[in-house]
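Notes for the one structure printed next.
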Number of protein chains: 4
Amino acid sequence: MSHARQMLETNPSGAAVDSAALMECIEACFDCAQACTACADACLAEDDPKSLVRCIRLNLDCTDICEATGKILSRQAAFEPQMVRDALRACAQACRLCGDECQNHAQHGMEHCRICAEACRRCESACNNILSVIGP
Amino acid sequence: MSHARQMLETNPSGAAVDSAALMECIEACFDCAQACTACADACLAEDDPKSLVRCIRLNLDCTDICEATGKILSRQAAFEPQMVRDALRACAQACRLCGDECQNHAQHGMEHCRICAEACRRCESACNNILSVIGP
Amino acid sequence: MSHARQMLETNPSGAAVDSAALMECIEACFDCAQACTACADACLAEDDPKSLVRCIRLNLDCTDICEATGKILSRQAAFEPQMVRDALRACAQACRLCGDECQNHAQHGMEHCRICAEACRRCESACNNILSVIGP
Amino acid sequence: MSHARQMLETNPSGAAVDSAALMECIEACFDCAQACTACADACLAEDDPKSLVRCIRLNLDCTDICEATGKILSRQAAFEPQMVRDALRACAQACRLCGDECQNHAQHGMEHCRICAEACRRCESACNNILSVIGP
């Protein structure tokens, strides 16, 4: 994302956690929200969306959680570790479940699911990375 | 909400968990998202928003999580307990933190914070109620 | 919604436009966002979601616009008529298109589409009502 | 964004409008939603947030509209020009208003407002570019 890093660098509060890990996670959350929105749509446009109901549902859930988490992480003022921790856990879980489902369909030739699974893996990993920094 | 109950009753999947608890939680999530959006705005409009920065920040975070959780709970197809559980935990946590902060300001005469704290308490309780149904 | 009216009454800015019309529109936006989320899910759970792709897509779009508009209307500080006007127009359009599509499926026995169409009509009407107050 | 282009290229519906313009606008919407979320937070963290109430409010509105528009543009199935057009108009308007306000504060040394204004200008331009393609 073009402006996320500069926004973080100019925030009067400074970065609430390690800024490299934070930047990666903010970008991964917005990227995954977009990919999951697009994957739900691509699944709907397939010949047999009935076989993709679980994938579409998890895509929609994952979009919602990634959006929320990406915005929460974009705020540095009055940082509250308990809020951020539970949001990151929900986001890592959503990305894991959605990534697993997409991976299954990728193995059967669904290219949009393969790419979406990559976005989910990246976001899951970025969330877990910040969780390891801020502690359990 | 006028149509949430009828939408649930006509879903081909049926309610994924106890429908009374689910309805209450869906309504509480959307209500709390609205109340927190309005409370952040009301705090901004006060004479001294600087003293309310933590409240505004938690309001914005709580809005984001409640919106995501309200939408996730509105979906009955391919219900995934692990997804729903972590979203509910994050939502209950957000409502607890935001409700506590608003309660502090309510004791100093901020009426919008008193009402927002009520919406947060209701939503926290509704999330915990479903968590007790679907298990840890 | 339980707390929306009280939140509006305690906002230091007062209601930016006629408060009865504003309350109805805020409630209608959140109600329609929930109904459209639930209708997309119910359509997915039908035997033949392929025949409902346009309905699902418009449901998802309408959710997104109603959520945004409901939050924008919940803010009274520094009211900006040009912002609100274009959001209301987009919301009324989304509700009209989604309501028309749902109405078609309601005529073929889809009860969730009939109820969602009601939520869309209510929201379209509430948006147009405020537009008539704040002018073109 | 890492995966947006690949998601578009693998969508069974193909891009609903010129794919280069569409990609730029999807990326600009998500980037602007993030920048506006971060700018609202940075404004809150300044010494005198009271002087930035209009900026914070427009940041929050612009976030909401950019998120909705970015998701709507990410969907290619059953493309509906009337829906997309009004969303783009609302988004261009929000970016114009928020960009103008941020520009004012940038001239008084607020670096986060200067960067956010850039994100708003980019998004406004990207929305207007698609509007010129799909017609009035």
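Sequence-ordered 3J(HN,Hα) estimates for the stretch C:52-69 from the Karplus curve with 6.51, -1.76 and 1.60 and θ = phi - 60° stand at 10, 4, 5, 5, 4, 4, 5, 4, 5, 4, 5, 4, 4, 5, 5, 4, 4, 5 Hz, glycine and proline given as x.
Judged by the ratio a/c of the largest to the smallest principal axis of the C-alpha gyration tensor, the protein assembly as shown counts as rounded, that ratio being less than 1.5. For the stretch A:39-46, the Karplus equation 6.51 cos²θ - 1.76 cosθ + 1.60, evaluated at θ = phi - 60°, returns couplings of 6, 4, 5, 5, 4, 4, 7, 5 Hz by residue, with Gly and Pro reported as x. Taking the label point 7 Å along Cα→Cβ, B:Pro81 and its counterparts in the other copies are spaced 3.1, 5.1, 5.6 nm apart, in ascending order.
Distances between placed amide hydrogens fall under 5 Å for C:Ala78 paired with no residue 5 or more residues away or on another chain.
For the residue pairs C:Lys50/D:Lys71; A:Lys50/A:Lys71; B:Lys50/D:Lys71; C:Lys71/D:Lys50; A:Lys50/D:Lys71; B:Lys50/C:Lys71, alpha carbon separations beyond 29 Å are given by A:Lys50/A:Lys71; B:Lys50/D:Lys71. Seen from B:Pro136, the other residues with C-beta closer than 14 Å to its C-beta sum to a net charge of +2, counting Lys and Arg as +1 and Asp and Glu as -1.
Over all Cα atoms in the stretch A:14-84, the spread is summed up by Rg and Dmax: 15.2, 49 Å. Across the options D:Val53, D:Ala94, D:Val84, the greatest Cα extent toward the positive end of the charge dipole of the stretch D:29-114 (unit charges at beta carbon of Lys, Arg, Asp, Glu) belongs to D:Val84. Charged neighbours of C:Glu101, selected by a Cβ distance under 11 Å, balance to 0 (K, R count +1; D, E count -1).
Taking the Cα centroid of the stretch B:10-56 and of the stretch D:82-104, what is the distance between the two, rounded to the nearest whole Å? Here the answer is 26 Å between Cα centres.
Taking label points 7 Å from Cα along the Cα-to-Cβ direction, B:Gln82 and B:Ser2 give a separation of 4.0 nm.
Equivalent ellipsoid of chain D: semi-axes from √(5λ) of the C-alpha gyration tensor, largest first, are 30, 14, 11 Å. Sorted from nearest, the other copies put their D:Pro136 label points 1.3, 6.4, 6.5 nm away, the label point being 7 Å from Cα in the direction of Cβ. The charge dipole of the protein assembly as shown, taken about its Cα centre with unit charges on the Cβ atoms of Lys, Arg (+1), Asp and Glu (-1) only, comes to about 0 debye.
Angle of helix D:81-106 to the longest C-alpha principal axis of chain D, folded into 0 to 90 degrees and rounded to 10: 20°.
Since every read-out is calculated from the coordinates, none of them should be taken as a lab result. Because the structure is predicted, anything quoted here is derived from the model rather than measured. No Cβ is skipped: glycine too gets one built from the backbone with ideal geometry, and neighbour counts run over all protein chains shown.
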